[in-house]
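S.K.: Input: one structure, supplied below.
The values are calculated or read from the model by the stated rules, or taken from the named source; none is laboratory data. Just so it is clear, the structure is predicted and the values come from calculations on it, not from any experiment. So basically every Cβ, Gly included, is an ideal-geometry build from the backbone, and we count neighbours across all protein chains shown. Accessible surface is based on the protein model in full, side chains and every heavy atom, while ligands, DNA and RNA are left aside. Shrake-Rupley method; radii C 1.70, N 1.55, O 1.52, S 1.80 Å.
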Amino acid sequence: MERSGGHVTRRGLYSLLVIGVILAALMGTAALLAGCRPAQSAAPPSALEPYRPLLNTWEPEEVRYWEGLPRYTITATLNTAERTLQGKMHLRFTNREQSPIYELYLRLYPNLPQYGGELRVSGVWSAGSPLPFEYDRADTALKIPCTPPIQPGQWAELDAAFTLSWPAVDEGWVLFGESAGFLSLPYFYPTLAVHNGQGWHLDIPPAFADAGFSEAAFYDVWLTLPTSFTLAGTGMQVEEQLQESGVKQVHWRAGPVRDFVILGHARYQELVREACGARIHSFFLPEDRAAGQAALDYAASALCVYSDAYGPYPFTVMTVAEAPLTFHGMEFSGLNLLGMDTYRSHRDELRYLTIHEVAHQWWYAQVGNDPYNCAWLDEGLAEYSSYTYYARVYGREEAERLRTLRWEGPYAYARSQGQDKVLAQPADQFVSQRLYESMVYAKAALFFDALRRAVGDDVYYAILQAYVRQYRFRIAAPADFFQVAGEVSRRDLTPLIQQWVLTAEGAAP
Ligand SMILES: [Zn+2]
């Protein structure tokens, strides 16, 4: 059907202009008074097509859900000599809940004591008008009031300008900052906090637990940095331009991911291989090439094993990278950081570390959960995934040996010390890193082992596949996992959950 265009007289045009000016003035005033301002009641037309090369799956129903996810556009300039970054960010956020949202919270993770950086916001705007904001939670959060509130289904857009500085640390575990020539900057920008039925999640986790808790989102990031610097970032680099002598601008695109990480080194070398529908990149220092090759091969093998066990890896790229994390690792969406000691003195731990972190591409990157209140859920699944890996690659006997050594031993020791703990409690209740690991890793892995043995292998993997399908790029709570497990297995799993998750030896019921 075609519609004929109306004719606008000069007088009519004048009236429209006046109305437009009044409206604009009203909107400007409202924005000044208002705080974050909702835009329209419906989402704009899909702009996700540019992200399609990043994804191995493009189901219309899923894409419709992705259109409601937050979108970040970030432009930043890195000054590696001064250890500072100047950035601007545009964020679009949709209220996907049933009730209005009265304020927005952004997390400033670099200000966590364990990160040791400083992220300051110099201004927040909506449609060019400045918005009020205030720091909260020991400067790890920024509160932006929304008046009028963002109604269910509405979306809001805001811009923020920020400055980041980071520490230089000689040695040891450095997840955030500069060390041994590495620059590692996860969450270098204000990150939208998670909001759900319980409100905004603004917890400050202890140093031994993971900190980042975020929605899956889409990112377009333009970084200006020295040409000498090689980046192993999140997602895919889509463009690189030489700007002036010694300076380049790179454009990265990622999504749906829970984080965007700048990780780089002037001497990074790279190996690439294809495996099970993904292009896998391995970044390492030249002197660690053999380990870099091994990390690439372990990652490829784990990606195929887990794709088969839990459902396909959804992205077309995955990266493993040597990082200043001693012999520890850290998972980000599509990006696995592996401590440089496992490329050297702890080389015998590289395989285990790699298969653990790659499992987080299902249990973190795909299905997210609150790392402060229920760390055991993704850590237990990532940890116990190595049983799956060992059983399928080295045989059942090796997998059984792994259970005895890695989980039964540490858990039995903790119990013998009277230190059994309830899994379902906040991370800081575990007091020390050692106890956190014997519970959130070992005891949680044993819960999944007990579940697998109770329902049998076929049903166990059917549960995990259903869990990923239902919560991919969403956030799940333990109750969601229990529900899926109960429905798929058609069994009452209450006694098992009670024994492993909700109670502890010697603890009051
Ligand atoms: Zn982990």
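S.K.: If you check Gln243, Gln237, which single one turns out to be of a type in the set (S, T, N, Q), assigned by TED's automatic domain parsing to the domain that holds Lys143, modelled with pLDDT under 95 and part of a strand (DSSP E or B)?
M.R.: Gln243
S.K.: Take Leu350 and tell me if it is buried (at least 24 other Cβ atoms within 10 Å of the Cβ), touching a residue at least 12 places away in the same chain (Cβ under 8 Å), under 14 Å from the mean Cα position of the chain (by Cα) and more than 28 Å from Phe482 (Cα to Cα).
M.R.: no
S.K.: Hey, does segment 314-328 have a residue that's closer than 21 Å to Asn56 by Cβ, hydroxyl-bearing (Ser, Thr, Tyr) and within 11 Å of the ligand (Cβ to nearest atom)?
M.R.: There is no residue in segment 314-328 that is closer than 21 Å to Asn56 by Cβ, hydroxyl-bearing (Ser, Thr, Tyr) and within 11 Å of the ligand (Cβ to nearest atom).
S.K.: Can you find even one residue in segment 388-395 that is open to solvent by less than 10 Å² (accessible area, probe 1.4 Å) and in contact (Cβ under 8 Å) with a residue 12 or more places away in the chain?
M.R.: yes
S.K.: For Arg403, work out the one condition from (1) part of a helix (DSSP H, G or I); (2) buried (at least 21 other Cβ atoms within 10 Å of the Cβ); (3) away from the ligand (no atom under 14 Å from the Cβ) it doesn't fulfil.
M.R.: If we test Arg403 against (1) part of a helix (DSSP H, G or I); (2) buried (at least 21 other Cβ atoms within 10 Å of the Cβ); (3) away from the ligand (no atom under 14 Å from the Cβ), just (2) comes out false.
S.K.: Quick test for you: out of Leu451, Leu423, Leu464, pick the one residue that is closer than 26 Å to Ala193 by Cβ and either at pLDDT 95 or above or assigned to a helix (DSSP H, G or I) (or both).
M.R.: Residue meeting the stated conditions: Leu423.
S.K.: Still on this structure: All but one of (1) in a strand (DSSP E or B); (2) farther than 22 Å from Asp220 by Cα hold for Gly264; state the number of the condition that does not hold.
M.R.: For Gly264, the failing item is (2).
S.K.: Something else about it: Would you pick out the residues in segment 320-349 that are part of a helix (DSSP H, G or I) and more than 18 Å from Tyr441 (Cα to Cα)?
M.R.: Answer for segment 320-349, where residues must be part of a helix (DSSP H, G or I) and more than 18 Å from Tyr441 (Cα to Cα): Met340, Asp341, Thr342, Tyr343, Arg347, Asp348.
S.K.: Report, ordered by the first and then the second residue, all pairs with beta carbons closer than 7 Å, sequence separation of six or more or different chains, a first member in segment 280-296 that is surrounded by fewer than 19 Cβ atoms within 10 Å (Cβ to Cβ), and a second member that is part of a helix (DSSP H, G or I) and among the acidic types (Asp, Glu).
M.R.: The qualifying pairs do not exist here.
S.K.: If you go through segment 217-234 one residue at a time, how many are of a type in the set (A, V, I, L, M, F, W, C) and either closer than 22 Å to Ser282 by Cβ or not in a strand (DSSP E or B) (or both)?
M.R.: Matching residues across segment 217-234 total 6.
S.K.: Here's something else I'd like to know. I'd like to check something: does segment 360-372 contain any residue that is under 22 Å from Leu446 (Cβ atoms), outside any loop (DSSP other than H, G, I, E, B), in contact (Cβ under 8 Å) with a residue 60 or more places away in the chain and of a type in the set (A, V, I, L, M, F, W, C)?
M.R.: Scanning segment 360-372, I find at least one residue that is under 22 Å from Leu446 (Cβ atoms), outside any loop (DSSP other than H, G, I, E, B), in contact (Cβ under 8 Å) with a residue 60 or more places away in the chain and of a type in the set (A, V, I, L, M, F, W, C), so the answer is yes.
S.K.: Restricting to segment 425-443, what's the tally of residues that are away from the ligand (no atom under 16 Å from the Cβ) and under 22 Å from the mean Cα position of the chain (by Cα)?
M.R.: Residues flagged as away from the ligand (no atom under 16 Å from the Cβ) and under 22 Å from the mean Cα position of the chain (by Cα) within segment 425-443 amount to 3.
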